[in-house]
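Peer 1: Encoded as structure tokens, here's the structure I'll be asking about.
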Amino acid sequence: MYFAISCIDKAGALELRMANRPDHIDFLKANAAAVKFAGPYLSEDGEAMTGSLIILEVADRAAAEAFAEADPYAIAGLFESREIRPWKWAIGNPDA
């Protein structure tokens, strides 16, 4: 099952994001079988990263929540909010 994990950074947390980014990227790469795609949200001018979107394929919500909790960004306290929602890959799915 697919899940969308949508996270918004705390205001003024760019330094915290950048300090933890290498560990976050390593975490995503280590879980590449489950991570279908991922990337940061950007500010309106496209200059600053302001959050994260990850599309994950895992067995159930518990697995998605465990993944989200283990993300180095979450451990570092980067996020103001996080939402995990079931998601259907309707357009552009390479497996369809």
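Peer 1: Using only DSSP helix segments of four residues or longer, with each worth -39500 (n - 2.57), what per-residue ellipticity at 222 nm results for the chain after dividing by its residue count and rounding to 500?
Peer 2: Working: 3 runs with 32 residues, N = 96.
Computed mean residue ellipticity for the chain: -10000 deg cm²/dmol.
Peer 1: Which residues among region 18-47 fall inside the zone where the amide N is under 20 Å from a point 7 Å beyond the Cα of A70, along Cα→Cβ?
Peer 2: 20-39
Peer 1: Okay, moving on. Ranked from highest to lowest mean number of other Cβ atoms within 10 Å per residue, what is the order of the peptides 13-19, 2-8?
Peer 2: Packing proxy ranking, top to bottom: 2-8, 13-19.
Peer 1: Given Cβ point charges of +1 (Lys, Arg) and -1 (Asp, Glu) and nothing else, what value in debye, to the nearest 20, does the dipole of region 2-87 about its Cα centre take? Spell out each step's value before the answer.
Peer 2: Numbers: 8 positive and 14 negative charges, 42 e Å.
For this selection, approximately 200 debye.
Peer 1: Please name which of G12, P72, I84 has its Cα lying farthest along the dipole of the chain towards the positive end, using unit charges on Cβ (Lys, Arg +1; Asp, Glu -1) and the Cα centre as origin.
Peer 2: I84
Peer 1: Could you give the angle, 0 to 90 degrees to the nearest 10, between helix 14-30's Cα long axis and the longest principal axis of the Cα atoms of the chain?
Peer 2: Here the helix axis deviates by roughly 30 degrees.
Peer 1: May I ask you to compute the full-extension gain from K10 to L42, defined as 0.36 nm times their residue separation minus their alpha-carbon distance, rounded to one decimal in nm? Please report the intermediate quantities before stating the final value.
Peer 2: On the way: separation 32, 0.36 × 32 = 11.52 nm, distance 1.33 nm.
Extra length available between K10 and L42 comes to 10.2 nm.
Peer 1: Tell me, what is the percent relative contact order of the chain, built from C-alpha pairs under 8 Å that lie six or more residues apart? Walk me through the intermediate numbers first.
Peer 2: On the way: 143 pairs, mean separation 46.2, N = 96.
Rounded, it is 48 percent for the chain.
Peer 1: Between M18 and R85, what is 0.36 nm times their sequence separation minus the Cα-Cα distance? Round to one decimal in nm.
Peer 2: On the way: separation 67, 0.36 × 67 = 24.12 nm, distance 2.60 nm.
Once the chain is fully extended between M18 and R85, it gains 21.5 nm.
Peer 1: Under a 5 Å amide H to amide H cut-off, with H placed in plane at 1.01 Å, what residues pair with E80 once short-range neighbours are removed?
Peer 2: For E80, whose amide H was placed from the backbone, the distant partners under 5 Å are I8, D9, K10.
Here, each number is a calculation from the coordinates, and none is a lab measurement. Source: prediction; values computed, not measured. Note that we place each Cβ from the backbone using ideal geometry, even for glycine, and neighbour counts take in every protein chain shown.
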